[in-house]
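What follows is calculated from the coordinates using simple rules that are stated; it is not laboratory data. Nothing here was measured: the structure is a model prediction, and the numbers come from that model. Note that each Cβ is placed from the backbone with ideal geometry, even for glycine, and that neighbours are counted across all protein chains shown.
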Amino acid sequence: MWSAVAQMVLQRNTINVFPTWVDFGEIIRIHNEADFGGVPASHFEAILRTADALVPVRARLFNVTDSEVVSGSQVATSSTIAVRVRSPVMALPVGERLYKAQFGA
């Protein structure tokens, strides 16, 4: 299981309401499904909260190697208290890839 733990509080900006997606720090993980026996079940997890319950915060897993969002990895919450959110089981490409977490609203 690949997990990202982070807390992001978004503030309103009168010109641009929110950025679309931003990278979470400089953390990049290497993952290769072949390193695990059987058929691994992969999930993306994040601990999130938003400053405004009317504006949900989102997180997703980004495949740096192939420059694409991992399908099924997006999670979201409208909670103003930090909560753990988890994606459904998602399929990761076969072979070694670099991944990073991204956040948005």
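For LEU54 paired with VAL22, estimate the spin-label separation in nm (one decimal), with each label point 7 Å from Cα along the Cα-to-Cβ line. About 2.2 nm, to one decimal. In this label model, ASP66 and VAL94 are separated by 1.2 nm, measuring between points 7 Å along each Cα→Cβ vector. For the modelled label position 7 Å from the Cα of ALA41 along Cα-to-Cβ, which residues of the range 84-102 have backbone nitrogen atoms closer than 19 Å? Flagged as within label range: 84-93. Using the average count of surrounding beta-carbon atoms within 10 Å as a protection proxy, the listed peptides 84-92, 44-52 rank, highest first, as 44-52, 84-92.
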